[in-house]
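What follows draws every value from the coordinates through simple rules; no lab data is involved. These numbers come from a predicted model, not from an experiment. Please note: Cβ atoms are built from the backbone with ideal geometry, for glycine as well, and neighbour counts cover all protein chains shown.
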Amino acid sequence: MSETSPTSFDAGTPTLPPGAEAVLSALRSAWVVLDSRDRVVRSSPSALPYGLIRGDRLRVDNLLRLARQVRRDREVRDLEVEVPRGHRGTELLVLDVRLAPLDDHVLLLAEDQTAVRRLDAVRRDFVANVSHELKTPVGALALLSEAVSGSADDPQAVRRFAVRMQHESHRLTMMVQDLISLSRLQSNDPLREARIINVDDVVAEAIDAIHLEAEAREIRLEVRGQHGLSVLGDEYQLVTGVRNLLANAINYSPDHTRITVGVHLSDDVVELSVADQGIGIPERDLERIFERFYRVDPARSRATGGTGLGLSIVKHVAANHGGEVGVWSSEGTGSTFTLRLPAHRGDWRVLGVNSSQEDATTDEEDR
């Protein structure tokens with residue numbers, strides 16, 4: 001990642017020791033530098049979405065207390081903390097934190113230990129999911145192949161069973177792909193090397209991936225709201241999340257209806273919503289729809305080839321980016337799914353982000 005030119009918080013802020021900025025920009029750990037008044041004067045790209053800072057303040061109270069002890073005693077201190085991922089996040093990150101004096105400043109280094117726990121969970125969940133879900137289409141294919149063998153003298157029956165086999169094999173392929181995607185989401189952390197992601201690009205790419213399915217059903221896709229917003233994270237994961245929301249809306253909407261994608265900024269949070277005019281979701285199911293393999297209408301899921309993993313993938317994308325996903329629905333009226341992500345505002349304190357993107361954001365704000 002390229003470096004950005006560091007800037008002081010204001011004219012009265014002491015400069016960092018010579019060479020410190022170059023060393024800090026090369027660190028892979030999340031890091032924060034506090035001045036003598038406990039203000040954040042420099043930070044790494046991951047410090048904000050990790051939930052360590054907000055504006056020019058350290059958000060974790062026990063770390064702030066420890067930083068003051070380090071400044072007073074001039075001794076290195078270590079602490080393991082659990083923090084919400086982002087100021088809207090529901091997922092907890094486990095961080096090994098070390099604080100050390102740095103001239104008149106305090107340097108905070110944070111190593112994310114959540115990945116170790118993620119990998120263990122991935123292994124357990126993948127085995128459980130495969131054994132539970134794949135046996136259904138595999139068993140169906142085995143029965144259909146036997147039926148084909150027993151109907152060799154009936155061409156119509158062979159064709160009918162062949163169509164069923166194609167449907168089950170497609171469903172099996174989609175399920176394997178979703179399982180792999182879910183496993184990757186659990187094991188990959190998009191905030192370790194976060195990039196500035198243009199939300200307009202995410203929406204456009206997701207719509208491009210799904211528009212043929214919408215056109216086949218004569219479902220109109222509309223985009224409304226604000227433009228030019230950005231977040232920190234991984235573009236592929238974000239596109240995957242929005243695409244799954246759109247695919248879910250199409251699967252549960254009647255033909256000749258409309259799906260609206262809305263983008264808005266609210267209190268430093270980008271709200272990306274997908275609203276449909278579909279069949280809606282019963283109130284009793286709203287709390288469970290983000291669970292893996294949970295289906296409101298199993299028969300409809302089988303007909304559309306749904307795997308029951310799409311919304312679970314969206315939930316993991318949101319959590320991975322320090323955000324959340326919610327739903328409003330009314331039976332017979334439609335549903336609105338809203339993905340909420342911490343907004344990126346081109347904060348000059350963030351080093352190590354793509355410099356051309358950062359400069360462009362700063363220029364736009366200046367105008």
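So here's what we get for this one:
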read-out: Antiparallel bridges, percent of DSSP beta bridges restricted to the stretch 194-275 (to nearest 5); value: 65
read-out: For the stretch 241-249, 3J(HN,Hα) per residue [Karplus equation, 6.51 cos²θ - 1.76 cosθ + 1.60, θ = phi - 60°, Hz, x = Gly/Pro]; value: x, 5, 4, 5, 5, 5, 4, 5, 5
read-out: Packing-based order for 237-250, 276-289, 46-59, using average beta carbon neighbours within 10 Å, highest first; value: 237-250, 46-59, 276-289
read-out: Most to least packed among 154-166, 323-335 [average Cβ atoms within 10 Å]; value: 323-335, 154-166
read-out: Inter-site label distance for Asp96 and Gln226 at 7 Å from Cα along Cβ, in nm; value: 3.9
read-out: Cβ crowding within 10 Å averaged over residues, with 218-227, 196-205 ranked highest first; value: 196-205, 218-227
read-out: The stretch 98-120-the stretch 216-277 distance, computed between alpha-carbon centres (Å); value: 35
